[in-house]
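S.K.: Sharing a structure with you now.
Quick note: the coordinates plus some simple rules give every number you see, no bench work behind them. Given the structure is predicted, the values throughout are model-derived calculations rather than measurements. As a convention, Cβ positions derive from the backbone with ideal geometry for all residues, glycine included, and neighbour counts pool all protein chains shown.
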Amino acid sequence: MLGRITDTVKQDHREIEACYQKIINASNRDEQTRFQNLFTWELARHAIGEELVVYPAFEKHLPDGIAMADKDRREHQTVKEKLKKFQNLDPSSPDFMPTLNSLMQDLSQHIKEEETNDLIQLDQALSKDDSVGLSKSFERTKIFVPTRSHPSAPDKPPFETAVGLLTAPIDQVADLFRKWPHEGQQAPMNH
């Protein structure tokens, strides 16, 4: 059962942070590659889910919501550009850990601002039912979004929706050939 939107987004943040920890604590290159793919998948879906569901809710329900959403979109753009570089790096590359750490540093600051300010304001502006409904929309949206970072894709309605839906099938076919954390595990299926 889903809770309020703040709880749902925070849970996503913890999953992304856990993937990061798995990468930096991995015992070998193969394990790093598997968690690199999972980290990329989780972060790409999360970012686009926020852009499609949460940021429009900021704009609709908060007095300074347009400025807040624009700031968060800019922060996402920086993260997505770093993620695009990171998702294509081999763990043996000397750029692998510095790129991951730089990405995570930007992401951590963004997460902190969202959790201590943006999401709290949104939840205060919504009824419990509306907040839970937003959580459901956020989770549903993540089913249909791309599984890799595409920073050149538009990030404002309605364009990001169309580009995301066109990109998702291509990413999902490519996911079949990527390595995932558990040996023999199929690519995360968006069902």
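S.K.: Report the full-extension gain for the segment Q11 to E81: residue separation times 0.36 nm, less the Cα-Cα distance, to one decimal in nm. Walk me through the numbers on the way to the answer.
M.R.: Numbers: separation 70, 0.36 × 70 = 25.20 nm, distance 2.33 nm.
This chain segment gains 22.9 nm when fully extended.
S.K.: Which order do the peptides 43-53, 123-133 take when ranked by the mean count of other beta-carbon atoms within 10 Å per residue, highest first?
M.R.: Those peptides, ordered most packed to least, come out 43-53, 123-133.
S.K.: Put +1 on the Cβ of every Lys and Arg and -1 on every Asp and Glu Cβ in segment 64-150; which of V79, H110, P91 then has its Cα farthest towards the positive end of the dipole?
M.R.: Working it through, the farthest residue towards the positive pole turns out to be P91.
S.K.: Additional query: I'd like the FRET efficiency for K60 and S108, computed as 1/(1 + (r/R0)^6) with the beta carbon distance as r and R0 of 30 Å, rounded to 0.05. Write out the running numbers ahead of the final one.
M.R.: Working: r = 27 Å, r/R0 = 0.91.
Using R0 = 30 Å, I get an efficiency of 0.65.
S.K.: Under the Karplus relation 6.51 cos²θ - 1.76 cosθ + 1.60, θ = phi - 60°, what is the ordered set of whole-Hz ³J(HN,Hα) values for segment 89-105, x standing for Gly and Pro?
M.R.: With the stated coefficients, segment 89-105 comes to 8, 7, x, 7, 5, x, 8, 4, 5, x, 5, 4, 5, 5, 4, 5, 5 Hz.
S.K.: Past 18 Å, Cα to Cα, is the threshold; run K10/K112; K22/K71; K22/K136; K10/K142; K80/K142; K60/K128 against it and keep the listed order. Please report the intermediate quantities before stating the final value.
M.R.: Numbers: K10/K112 10 Å; K22/K71 29 Å; K22/K136 28 Å; K10/K142 15 Å; K80/K142 16 Å; K60/K128 16 Å.
Beyond 18 Å: K22/K71; K22/K136.
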